[in-house]
Amino acid sequence: MSKPHILTFETYDDWDSEPMRNCFTVHQFPVSGNLQELDQGFREQIKAFAFKGHSILGAEIIDGFPNLELIANYGVGYDTIDVDYASSKGIRVTNTPDVLTDDVADLAVGMLLALNRGIVGADAWVRSGNWASNGAYPLQRTISGVAVGIAGLGRIGRAVASRLQGFNTNIHYYSRSEKDTPGWSHHNDLIDLARSVDVLIVAVSGGPETEKIISKEVINAIGADGLLVNCARGSTVDEEALIHALETKALRGFASDVFNSEPDIDKRLLTLDNVLLQPHQSSGTVETRMKMGQLQRDNLLAFFGGKPLLTPVN
Ligand code: 8YV
């Protein structure tokens, strides 16, 4: 029996591409992004996308595949997919939640500790010979007893909060409604949360509803001795306001794995010594990417097997 045809949008590691080829007839969306390179007859046979969330997937592409029924995303965030439009066309969307929660939360905590304790700068202090020639590394800051705010208490936000409880911090969180927590302080206003904490960690989902939710006012409310950590999406932060706050020392520091434009981030961030920059690698471990690839394939297999989708978004 011929294997179902799927269209992939980016390359995969061997541990994904081989099982994908074993299960499906795999085609690649043109690297140019030009839909017209695919003839109509080919496009009509495609019922499912294996998507990676790194480009915009809207009506133009969706309409180019008249028999499309499933968009299986590799990643928990699906903010680049027009899910409402897909739903209007009866197209299902899946993502890969849960399997990456721990890694993303681990990196968020790692970024906070590295920023707050100057770990990257201390490594350079040793390597440069400064320790021998100039003595002790400048004192840094403690995390114990600090009030930490989590913007968005979904899977990842909750995992970050649970980890930081282990550092004897006081956990606050922002969400529209109060959640069941082990005594964490709820705020239904982000500025109120920012005023109440020394560290604000962004863990909301990306998309139009959270665009620049970390506004100039929120950044100013964190204050000159405060830190901002972003493990969500670059779109959630007003980057102009952030850079101004960092340049004018209105914010002590910023650590992020995501940016407004990736991978060519705003060059001003590269010149600041009070920032810690990561290349969108929160889920970037062998173990987690294997699980993500497996879950994406399992959703595709469920779809073609007429079975319930494992992790549907719509
Ligand atoms: C993706 C991400 O996992 O899962 C997400 O939403 O932000 C990313 O970590 C990664 O880009 C997949 O290639």
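Here are the numbers for the structure shown:
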read-out	value
Selected from 131, 15, 184 as most flexible by GNM, with the chain as the system and alpha-carbon contacts under 10 Å	131
Where the stretch 101-277 is the region considered: accessible area per residue in Å², 1.4 Å probe	48
Under-5 Å amide H pairs with residue 201, H placed in peptide plane, nonlocal only	149, 150, 151, 229
Derived scalar couplings ³J(HN,Hα) [the stretch 176-187; Karplus, 6.51 cos²θ - 1.76 cosθ + 1.60; whole Hz; x for Gly, Pro]	4, 10, 5, 10, 7, 9, x, x, 6, 8, 8, 10
Residue pairs, from the table 212/249; 3/89; 89/212; 212/267, whose Cα atoms sit over 22 Å apart	3/89; 89/212
Spatially proximal lysines relative to residue 52 (Cα-Cα < 16 Å; intrachain offsets below 8 disregarded)	291
Helical segments meeting 18 Å axial Cα length and Kyte-Doolittle 0.0 threshold in the chain (DSSP H)	101-117
Distant-in-sequence amide H partners of residue 51 (H built 1.01 Å from N, under 5 Å)	72, 73, 74
Separation between Cα centres of the stretch 288-313 and the stretch 26-87, rounded to whole Å	16
Full-stretch length increase - residue 120, residue 240 - with 0.36 nm per residue and alpha-carbon distance subtracted	40.7 nm
Heavy-atom accessible surface of the stretch 14-117: percent carbon and sulfur, 1.4 Å	47
Share of carbon and sulfur in the accessible heavy-atom surface of the stretch 152-300 [1.4 Å probe, %]	46
Amide H within-cut-off set for residue 276, under 5 Å, with H built and near neighbours excluded	254, 255, 256
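The values are calculated or read from the model by the stated rules, or taken from the named source; none is laboratory data. Predicted model, so just to flag it, every value in this text is computed and none were measured. The area values use the complete protein model at the heavy-atom level, side chains included, leaving out ligands, DNA and RNA. Shrake-Rupley method; radii C 1.70, N 1.55, O 1.52, S 1.80 Å.
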